[in-house]
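Have a look at the structure below before the remarks.
What follows is calculated from the coordinates using simple rules that are stated; it is not laboratory data. Values in this document were obtained by computation on a predicted structure and should not be read as measured data. Counting neighbours? That spans all protein chains shown, and the Cβs are built from the backbone with ideal geometry, glycine included.
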Ligand SMILES: Nc1ncnc2c1ncn2[C@@H]1O[C@H](COP(=O)(O)OP(=O)(O)OP(=O)(O)O)[C@@H](O)[C@H]1O
Ligand SMILES: [Mg+2]
């Protein structure tokens, strides 16, 4: 596994990203910068647009307006074949694991290696074992997703996300549904990957405990708009009432989840 050059330069840059579905604006003029090697958290309420924003960063969705620069390349406005090249430098850990049920754990982790490389089977085998031991799942190679727990499935997803030694890993809710210990282990794993391998991590989360533990910087999204960006201390001390309501989990405040969509 290679340790990458990383000097805190901006590696992901969103400018005025806007997206509507069926005439309803879901991402509203969002701009942010992620620096190389940092753990950048996107937090916000359910339905605020976190996963949709992340999917823009991975090139899965194209915005109707705005730019998404990854290492200087605007992936919102490049041909699809060029996008595929950029995507090879990403890893993605999905909100609902997204493992293929008909494949074993090792076959799931091998998928990106088989799809994007011409490595020999023996080499792929070694890489899989390395990645599975990183997430604490050596010995489960032959299991099917239905034979392991939800937390283990998430970790298989993580092993798959780092299979190609990516520069950037996108995580959607990596700790949701995990018990506190496994959640803590997952947090540590994300942090270790960032600091030891210089992987840039973009993490969607509303698990406040995890957010403050692993974040270098945090962006809060509300109704598709970025309402605040800062370090954990800046966010804790933010004067923004939306931020305060969210991090303290107050039922009362400007966030109104039961309002009809606009
Ligand atoms: N493909 C789509 N078509 C129509 N609407 C969509 C689509 N994808 C997302 N949306 C809408 O965008 C809004 C934001 O969804 P998103 O999944 O990004 O929320 P989220 O912040 O990730 O929520 P959660 O915490 O529940 O995962 C929702 O109102 C959702 O209905
Ligand atoms: Mg989501």
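Report the antiparallel proportion of the DSSP beta bridges in the chain as a percent, rounded to a multiple of 5. List each step's numbers first, then the result.
Numbers: 20 of 37 bridges.
The answer is about 55 percent antiparallel.
Give the Kirkwood hydrodynamic radius (Å, one decimal) of region 56-151, defined as one over the mean of 1/r across all pairs of different Cα atoms. Could the numbers behind the result be given before it?
Values: mean 1/r = 0.0648 Å⁻¹.
Averaging 1/r across every pair of different Cα atoms and inverting gives 15.4 Å.
How much FRET efficiency would the formula 1/(1 + (r/R0)^6) give for residue 122 and residue 74, where r is the Cβ-Cβ distance and R0 is 51 Å, rounded to 0.05? Mind showing how you got there, number by number?
Values: r = 39 Å, r/R0 = 0.77.
Calculated transfer efficiency: 0.85.
What does the extension gain come out to for residue 96 and residue 212, with contour length at 0.36 nm per residue minus their alpha carbon separation?
On the way: separation 116, 0.36 × 116 = 41.76 nm, distance 2.26 nm.
That pair, residue 96 and residue 212, stretches by 39.5 nm at full extension.
With contacts defined as alpha carbon pairs under 8 Å and 6 or more residues apart, what's the relative contact order of the chain in percent? Each step should come with its number before you reach the end.
Numbers: 476 pairs, mean separation 66.9, N = 262.
Relative contact order of the chain: 26 percent.
At 7 Å along Cα-to-Cβ for each site, give me the label-to-label distance between residue 20 and residue 244 in nm.
Placing both labels 7 Å beyond Cα along the Cβ direction yields 3.4 nm.
If you line up the long axis of helix 105-116 against the longest principal axis of the chain, both from Cα atoms, how many degrees apart are they, to the nearest 10?
With both axes taken from Cα atoms, the answer is about 80 degrees.
Show that you can apply the helix-only estimate: for the chain, add -39,500 (n - 2.57) for every DSSP H stretch of four or more residues, divide by all residues, and state [θ] at 222 nm to the nearest 500. Show your work: numbers first, answer last.
Details: 9 runs with 92 residues, N = 262.
Mean residue ellipticity at 222 nm (helix-derived): -10500 deg cm²/dmol.
Using the Kirkwood radius over Cα pairs, work out the Stokes-Einstein diffusion coefficient for region 103-200 at 10 °C and 1.306 mPa s, in µm²/s as a whole number. Display every interim value, and only then the final one.
Working: Rh = 13.7 Å.
Stokes-Einstein gives a translational diffusion coefficient of 116 µm²/s.
Taking other Cβ within 10 Å of each residue's Cβ, how do 20, 195 sort, fewest first? Spell out each step's value before the answer.
Details: 20 14, 195 11.
Going from least to most buried by this count: 195, 20.
Would you mind checking the tilt of helix 150-161 against the longest principal axis of the Cα atoms of the chain, expressed as 0 to 90 degrees and rounded to 10?
80 degrees
State the Kirkwood hydrodynamic radius of region 2-45 in Å, one decimal place, computed from all pairs of distinct Cα atoms.
Details: mean 1/r = 0.0795 Å⁻¹.
Over region 2-45, the inverse of the mean reciprocal pair distance is 12.6 Å.
For the Cα atoms of the chain, what angle does the longest principal axis make with the long axis of helix 180-197, in degrees from 0 to 90, nearest 10?
Its long axis makes an angle of about 80 degrees.
Between 215, 120, 98, find the one with the highest GNM mean-square fluctuation for the chain; connect C-alpha pairs within less than 10 Å.
120
Computed on alpha carbon atoms, what radius of gyration and Dmax characterise region 169-262, expressed in Å?
14.4, 45
Considering the zone a paramagnetic label at residue 84 would reach in this model (a point 7 Å from Cα along the Cα-to-Cβ line), which residues of region 115-137 have amide N under 11 Å from it?
Residues 116 fall inside that zone.
Between residue 195 and residue 67, what FRET efficiency comes out of the Förster formula 1/(1 + (r/R0)^6) with R0 = 22 Å and r the beta carbon distance, rounded to 0.05? Present the calculation step by step, with values, prior to reporting the outcome.
Details: r = 29 Å, r/R0 = 1.33.
With R0 = 22 Å, the Cβ-Cβ based efficiency is 0.15.
How fast does the chain diffuse by Stokes-Einstein, in µm²/s, taking the Kirkwood radius from C-alpha pairs at 37 °C and 0.692 mPa s? It would help to have the intermediate numbers written out before the result.
Numbers: Rh = 19.0 Å.
Stokes-Einstein gives a translational diffusion coefficient of 173 µm²/s.
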